[in-house]
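Structure first, then comments.
No lab work stands behind these numbers, since they all come straight from the coordinates. Given the structure is predicted, the values throughout are model-derived calculations rather than measurements. Methodologically, a virtual Cβ is constructed for each residue, glycine included, from the backbone with ideal geometry; neighbour enumeration extends over all protein chains shown.
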């Protein structure tokens, strides 16, 4: 459904996306994860035909944004980071306005709008102004308006940034319902726990794709051994561990430490156990390895 081949995008001397190659299958939820400035939004804008690459090619649903812009836009939905609807209009008025823009026939919208409102649980609030909605409700409204023309591929740029945990969960339940209906989803996120919900995850740093696989495979294939260490003075323990043989890194992780070691490390004198790393552990480990190699 999405095919990217050697995409590079430069802004003067800055390379925002560096030789990116990637495929996304129909009906897949693909997550692109990386820090600010990694190139995630630039990648999305290229895929949506909003920006041309400096080199390379990208097709979505078989269409290239450079040569078949309108055909591409008819088949995709794009939801940006910033809420882009009209705050002085109600939920229903925003939906009606976008239905008019998409040329949705009245008979079709009469069937579709109630379904979307029920799916997002916004039906009790249809007459509330968009500017008076919570962050999570605004994102649901933006999603509804993105879905009105029934896109084959949905591009979401950090859709739950700043949204409360309950609304984030509800949003992902809605996304999974869309996948069941045949929609392909490409999402960028700064939340590593959200990336766990994706079928596959691409880890991006400084414009380059450094790892791409299922969340389970990314965690399973981390070369380092990951330990959880508990104790009473974690900061002092962390400083003491830094210089022990076999220790590659040690990070605070809530009420414990996550310790990354080679196979020769022995946990003498520690309350430690081997654990499956989180995606956050995996991402930090790969970034650390790249920085050391630079």
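Tell me the label only: which of [x] 53; [y] 41; [z] 49 is percent of Cα pairs over 27 Å apart as calculated from this structure?
Correct label is [z].
Using packing as a proxy for protection, rank 1-11, 265-275 so that the peptide with the highest average count of other Cβ atoms within 10 Å comes first. The partial results should precede the final answer.
Details: 1-11: 17.0, 265-275: 13.7.
Final packing ranking: 1-11, 265-275.
Rounded to the nearest 10 degrees, what's the angle between the helix 279-293 long axis and the longest principal axis of the chain, both from Cα atoms, 0 to 90?
Around 70 degrees separate the two axes.
Relative contact order (percent) for segment 223-276, with alpha-carbon contacts under 8 angstrom and 6 or more residues of separation? Working shown, then result.
Values: 90 pairs, mean separation 26.2, N = 54.
Dividing the mean separation by the residue count of segment 223-276 yields 49 percent.
Per DSSP H run of at least 4 residues, take -39500 (n - 2.57); add these up for the chain, divide by its residues and hand me the 222 nm value, nearest 500 deg cm²/dmol. Before the final figure, lay out each step's value.
On the way: 10 runs with 103 residues, N = 294.
So the calculated ellipticity at 222 nm is -10500 deg cm²/dmol.
Using 0.36 nm per residue of separation minus the Cα-Cα distance, give me the extension gain between residue 52 and residue 71 in nm, one decimal.
Difference between extended and current length: 5.2 nm.
Can you divide the C-alpha Rg of segment 44-117 by 2.2 N^0.38 Å and report the result to two decimal places? Please report the intermediate quantities before stating the final value.
Numbers: Rg = 15.3 Å, N = 74, 2.2 N^0.38 = 11.3 Å.
Working it through for segment 44-117, the quotient is 1.35.
Between residue 247 and residue 180, what's the calculated FRET efficiency when r is the beta-carbon distance and R0 is 41 Å? Round to 0.05. All intermediate terms of the calculation are to be shown ahead of the outcome.
Numbers: r = 45 Å, r/R0 = 1.10.
Once rounded, the FRET efficiency stands at 0.35.
What do you get for the angle between helix 165-180 and the principal long axis of the chain? Use alpha-carbon atoms, 0 to 90 degrees, nearest ten.
Around 70 degrees separate the two axes.
Could you tell me what percent of the DSSP beta bridges with both partners in segment 2-214 are antiparallel, to the nearest 5? Intermediate values should be presented prior to the final figure.
Numbers: 20 of 38 bridges.
Roughly 55 percent of the beta bridges in segment 2-214 run antiparallel, per DSSP.
With r as the distance between the Cβ atoms of residue 23 and residue 115 and R0 = 30 Å, compute the FRET efficiency 1/(1 + (r/R0)^6) and round to 0.05.
On the way: r = 31 Å, r/R0 = 1.04.
E(calc), rounded to 0.05, equals 0.45.
With r defined as the distance between the Cβ atoms of residue 291 and residue 268 and R0 fixed at 35 Å, what FRET efficiency is calculated, to the nearest 0.05? Provide the component values of the computation, followed by the final result.
Numbers: r = 29 Å, r/R0 = 0.83.
It comes out at approximately 0.75.
Could you calculate the contour length gain from residue 64 to residue 107, that is, 0.36 nm times the residue separation minus the distance between their Cα atoms, to one decimal place in nm?
Here the segment from residue 64 to residue 107 would lengthen by 12.3 nm.
Return a whole-number percent for the relative contact order of the chain, with Cα pairs under 8 Å and 6 or more residues apart as the contact set. Could you put the intermediate results ahead of the total?
Working: 526 pairs, mean separation 59.5, N = 294.
Contact order relative to length: 20 percent.
Using a cut-off of under 17 Å, list every residue of segment 42-82 whose amide N is near the label point 7 Å from the Cα of residue 6 along the Cα-to-beta-carbon line.
53-59
Expressed as a whole percent, how much of the Cα-Cα distance distribution for segment 223-276 exceeds 16 Å?
Details: 383 of 1431 pairs.
So the pairs more than 16 Å apart make up 27 percent of the total in segment 223-276.
Where in segment 164-187 does the label zone of residue 199 land, with the point 7 angstrom along Cα→C-beta and an amide N cut-off under 16 Å?
It comes to 175-187, nothing else.
Using 0.36 nm times the number of residues separating residue 190 and residue 89, minus their current alpha carbon distance, what extension gain do you get? Mind showing how you got there, number by number?
Numbers: separation 101, 0.36 × 101 = 36.36 nm, distance 3.00 nm.
33.4 nm is the gain from fully extending residue 190 to residue 89.
Using only Cα atoms, locate the centre of segment 51-124 and the centre of segment 174-246, then give the distance between them in Å, rounded to an integer.
Value for the Cα centre distance between the two parts: 31 Å.
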